[in-house]
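Read through the structure below, which is laid out as structure tokens, and then see the notes.
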Amino acid sequence: MAVELTPAELTVLGLIVEQPQHGYDLEQVIEQRGIRQWTDIAFSSIYYLLTKLEARGLVHVPEAPVAAKSRRVFHATPAGREAAGRGALALVRDLRPAPQPLLVGLANLPLLSEEEYAHALRTRLAQVEERIAAIQGVQQAQAPLALPAREVFSYSLNLLQAERSWLAARVQVPDDEQD
């Protein structure tokens with residue numbers, strides 16, 4: 001029976017497959033790599049995810065010390081490695097619907113005035129520009145990058161650049177001329 005992993009579980013498990021770690025190490029890697037930009041993993045949920053993965057036999061702690069939980073170094077089990085590989089393959093291979101809150105806002109445009117909509121678009125465009133600059137800065141600071149990091153940065157930047165292009169066109173075109 002295939003193990004289904006949430007994106008947060010797969011992210012944490014993947015980091016442990018990459019290198020055995022304890023919770024604080026995971027937090028540092030998540031922060032350093034900007035993982036929170038594309039998945040929901042709060043600092044407070046790391047140990048919850050580790051506990052779930054351990055209960056499912058996907059990670060283990062060899063010779064666990066009696067000390068605090070934060071010092072328990074988690075290792076991927078063979079089943080964890082297999083589940084992580086299958087999960088990663090499915091996420092790369094299979095197109096799935098992705099929640100887009102922007103689309104909910106657009107579907108409710110009748111609730112906004114033209115001025116509110118135009119201002120919201122300009123504000124979002126400025127935020128997208130800031131995000132692009134931030135990601136490019138992190139990307140350059142961490143160079144040279146391993147293939148997974150290069151791909152995450154590349155995909156993230158391309159999505160943001162596509163959104164920037166769409167927003168820029170909307171900011172300059174009156175409502176009656178839009179697609």
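Among the residues of region 126-134, is there at least one that is at pLDDT below 95, assigned to a helix (DSSP H, G or I) and of a type in the set (S, T, N, Q)? The answer is no; no qualifying residue exists. Answer yes or no: is there a residue in region 94-111 that is buried (at least 16 other Cβ atoms within 10 Å of the Cβ) and either modelled with pLDDT under 90 or touching a His at 6+ places or on another chain (Cβ under 8 Å) (or both). No, because not a single residue in region 94-111 is buried (at least 16 other Cβ atoms within 10 Å of the Cβ) and either modelled with pLDDT under 90 or touching a His at 6+ places or on another chain (Cβ under 8 Å) (or both).
Scanning region 42-71 for residues that are surrounded by 12 or more Cβ atoms within 10 Å (Cβ to Cβ), of a type in the set (A, V, I, L, M) and modelled with pLDDT of 90 or more yields 46, 49, 50, 53, 58, 59, 61. Among the residues making up region 4-13, those that are assigned to a helix (DSSP H, G or I) and crowded, with 19+ Cβ neighbours inside 10 Å are 9, 10, 11, 12, 13.
Exactly one residue among 160, 58 is among the aliphatic types (A, V, I, L, M) and over 15 Å from the mean Cα position of the chain (by Cα), and that residue is 58. Against the conditions (1) basic (Lys, Arg); (2) open to solvent by less than 60 Å² (accessible area, probe 1.4 Å); (3) modelled with pLDDT of 95 or more, residue 170 satisfies every one except (3). Any residue in region 85-93 that is loosely packed, with under 12 Cβ neighbours inside 10 Å and either over 30 Å from residue 60 (Cα atoms) or in contact with a strand residue (DSSP E or B) (Cβ under 9 Å, 6 or more places away or on another chain) (or both)? No, the conditions are met nowhere in region 85-93.
Which residues, taken from region 5-38, are at pLDDT below 90 and within 21 Å of residue 98 (Cα to Cα)? Of everything in region 5-38, those that are at pLDDT below 90 and within 21 Å of residue 98 (Cα to Cα) turn out to be 34, 35, 36, 37, 38.
Of everything in region 33-55 that is within 24 Å of residue 137 (Cα to Cα) and without any contact (Cβ under 8 Å) to a residue 40 or more places away in the chain, the residue that is nearest to the chain's Cα centre (by Cα) is 39.
The values are calculated or read from the model by the stated rules, or taken from the named source; none is laboratory data. The shown structure was predicted, so the numbers you read here are calculated from the model rather than taken from an experiment. Cβ atoms come from the backbone with ideal geometry, glycine included; neighbour counts cover every protein chain shown. Each accessible area value is taken on the protein alone, full model and side chains, heavy atoms only, with ligands, DNA and RNA left out. Shrake-Rupley method; radii C 1.70, N 1.55, O 1.52, S 1.80 Å.
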